[in-house]
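One structure is given below, encoded as structure tokens.
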Amino acid sequence: MKRLLRSLALIGCLLLQMPAHSAAPEPAADVFAHPATITALRVALTPATRPLQGAQSIRGAYRQQKQLHELPRPLSSSGRFLFLRDTGIAWTTIEPFASELVITREHLIQREGDNEVLVSAAQQPALQMVAEIFFAVFSLDFDTLESLFDLYGGANADGSWSLGLRPKQAAGSVVGIQINGAAQVEQVLLTESSGDLTRIDLQQVQISQDAPDAADRALFSSPPKHP
């Protein structure tokens with residue numbers, strides 16, 4: 001339960017405690033030096049937002065590194081993710097060990113082997129806010145993001161873009177979120193008040209306008225349904 005609640009506090013990211021033999025994540029750039037309006041961001045991020053209009057699902061692979069200020073090497077994990085519009089997001093970890101974290105507006109589920117822990121929004125009211133943040137980030141919903149964060153960023157010289165988010169109200173230990181991309185969201189950086197940094201790289205991203213099938217929907221139920 002403690003691990004699960006910590007995941008919730010860190011915006012649902014999978015914080016797996018295994019050291020890796022890879023370089024530490026780079027610190028966030030100076031995106032927070034550039035306050036931005038919704039209008040400017042909509043223009044700068046048009047290549048990314050256009051394919052998201054009407055998208056029913058986004059899936060792909062991810063690699064996560066978490067640099068703790070008290071450790072010389074980052075912690076690393078990798079796997080795949082599935083985002084279903086108006087449903088939730090599922091992070092399926094493959095390395096260093098198999099696990100699954102599912103976040104919806106109604107509940108959070110953590111699965112490891114045959115074990116499953118479910119926390120409802122009634123037990124943890126912050127869960128609904130976590131889900132809203134995920135939905136807004138993956139769909140680049142600027143109206144929702146502006147209601148929750150101060151906005152920064154814009155287009156970069158190489159054609160990519162960066163979006164900075166600073167919570168308007170306390171969001172656990174997270175003090176800043178940076179989202180980088182070009183044709184789509186490619187990277188998310190979370191900075192904590194302790195100086196710890198979490199970096200999530202999204203790869204092989206597939207955006208679909210089709211309704212999700214039964215197997216995809218089953219991931220978000222508890223216990224999981226097998227069609």
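Out of segment 136-161, which residues are charged (D, E, K, R) and under 25 Å from Gln206 (Cβ atoms)?
Restricting attention to segment 136-161, the residues satisfying the condition of being charged (D, E, K, R) are 141, 143, 146, 150, 158.
If the condition is that a residue be charged (D, E, K, R) and under 25 Å from Gln206 (Cβ atoms), then Asp141, Asp158 are the ones that fit.
Condition check: loosely packed, with under 14 Cβ neighbours inside 10 Å, basic (Lys, Arg) and at pLDDT below 85. Does Arg42 satisfy that?
no
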* Name every residue in segment 116-165 that is under 11 Å from Leu41 (Cβ atoms), crowded, with 19+ Cβ neighbours inside 10 Å and in contact (Cβ under 8 Å) with a residue 60 or more places away in the chain, in order of residue number. => Leu140, Phe142, Leu151, Tyr152, Gly153, Gly154, Trp161, Ser162, Leu163, Gly164
* Asked: Considering only segment 157-213, how many residues are at positive phi and under 13 Å from the mean Cα position of the chain (by Cα)?
  -> 0
* To do: Give the residues of segment 98-114 that are modelled with pLDDT under 90 and over 19 Å from the mean Cα position of the chain (by Cα), sorted by residue number.
  => Gly113, Asp114
* Structure fact -> Those residues of segment 93-106 which are in contact (Cβ under 8 Å) with a residue 60 or more places away in the chain and in a strand (DSSP E or B) amount to Thr93, Ser99, Glu100, Leu101, Val102, Ile103, Thr104
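The values are calculated or read from the model by the stated rules, or taken from the named source; none is laboratory data. Keep in mind that what you see is a predicted model, and the values were worked out from it rather than measured. Don't worry about glycine lacking a Cβ; one is built from the backbone with ideal geometry, like all the others, and counts go over all protein chains shown.
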